[in-house]
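S.K.: Here it is: the structure, laid out below.
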Amino acid sequence: MRTQRQVVDYSLRKRALLRELLAGRVGTYDLCDASPYLKNAARFHGEPTEQRCPICRSENLTHVHYIYGDELKQSAGQARTVAELSVLAMTLCEFQVFVVEVCLGCDWNHLVEQYLLGRDGLTGGESEQETPGGVAAASGAGARRRREAQR
Ligand SMILES: [Zn+2]
């Protein structure tokens with residue numbers, strides 16, 4: 001999403017957890033404890049992925065996007081679809097998104113990443129648009145040099 005920023009990736013923590021599981025230091029019952037609320041959110045607002053569940057390997061993971069922020073008022077803490085997120089990102093200045101992966105087969109769940117969305121991120125995008133002009137000017141100078149070399 002265009003306004004996505006301050007991304008925190010939790011994949012290292014996930015790998016560490018899976019290593020603990022393989023080593024037998026934690027049990028699947030510790031990791032596969034998705035609440036009924038989380039599973040409902042996955043069913044109704046979740047985004048299906050192509051990733052296999054790392055625990056049962058029989059179901060694909062579903063990503064659930066939870067939103068937080070003062071501007072959301074009573075919607076804070078609720079799950080939203082990706083389509084709803086992009087509408088909110090154009091409407092609100094700033095809100096926090098937490099992405100949780102869930103397996104509806106074995107109840108594995110883990111925080112994948114968090115990031116900020118919202119119109120506040122668009123100011124950075126506008127200044128980036130100056131770059132193509134800079135590139136064109138640089139290649140213009142190159143063409144001039146080539147013409148001079150042909151003389
Ligand atoms: Zn699973």
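The values are calculated or read from the model by the stated rules, or taken from the named source; none is laboratory data. Note that this is a predicted model, so its numbers are computed, not measured. All Cβ positions, even for glycine, are placed from backbone atoms using ideal geometry, and neighbour counts span all protein chains on display. Just so you know, the surface numbers come from the protein's heavy atoms only, side chains and all, with ligands and any DNA or RNA stripped out. Shrake-Rupley method; radii C 1.70, N 1.55, O 1.52, S 1.80 Å.
S.K.: Just to be sure I understand, how many residues within the range 91-110 are open to solvent by 30 Å² or more (accessible area, probe 1.4 Å) and either of a type in the set (Val, Ile, Thr) or within 16 Å of the ligand (Cβ to nearest atom) (or both)? Even if it seems obvious, please write down each step before you answer.
M.R.: As a first pass, look at the range 91-110 and keep what is open to solvent by 30 Å² or more (accessible area, probe 1.4 Å): 91, 93-94, 96, 98, 104-107, 109.
From the residues that got through so far, the ones that are either of a type in the set (Val, Ile, Thr) or within 16 Å of the ligand (Cβ to nearest atom) (or both) too are 91, 104-107, 109.
Final tally of qualifying residues: 6.
Quick grid of which residues meet (1) part of a strand (DSSP E or B); (2) charged (D, E, K, R):
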| site | (1), (2) |
| --- | --- |
| 2 | no, yes |
| 41 | no, no |
| 44 | no, no |
| 48 | yes, no |
| 74 | no, no |
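S.K.: Same structure again: Test each condition in (1) away from the ligand (no atom under 16 Å from the Cβ); (2) modelled with pLDDT of 95 or more; (3) open to solvent by 60 Å² or more (accessible area, probe 1.4 Å) for residue 135 and report the one that comes out false.
M.R.: Unmet condition: (2).
S.K.: Do we have residue 57 as free of Cβ contacts under 8 Å to residues at least 24 places away in the same chain and over 22 Å from residue 119 (Cβ atoms) here?
M.R.: Details: free of Cβ contacts under 8 Å to residues at least 24 places away in the same chain: yes; over 22 Å from residue 119 (Cβ atoms): yes.
So residue 57 fits the description; yes.
S.K.: Which residue is nearest to residue 18 (Cα to Cα), if the candidates are limited to the range 35-90 and must be within 16 Å of the ligand (Cβ to nearest atom), surrounded by 14 or more Cβ atoms within 10 Å (Cβ to Cβ) and charged (D, E, K, R)?
M.R.: Among residues in the range 35-90 that are within 16 Å of the ligand (Cβ to nearest atom), surrounded by 14 or more Cβ atoms within 10 Å (Cβ to Cβ) and charged (D, E, K, R), the one nearest to residue 18 (Cα to Cα) is 59.
S.K.: Next question, about the same structure. Given the criteria of a type in the set (Asp, Glu), in contact with a Gly (Cβ under 8 Å, 6 or more places away or on another chain) and in contact (Cβ under 8 Å) with a residue 24 or more places away in the chain, does residue 47 qualify? Working first, answer last.
M.R.: Values: of a type in the set (Asp, Glu): yes; in contact with a Gly (Cβ under 8 Å, 6 or more places away or on another chain): no; in contact (Cβ under 8 Å) with a residue 24 or more places away in the chain: yes.
Spelling it out, it is not the case that residue 47 is of a type in the set (Asp, Glu), in contact with a Gly (Cβ under 8 Å, 6 or more places away or on another chain) and in contact (Cβ under 8 Å) with a residue 24 or more places away in the chain.
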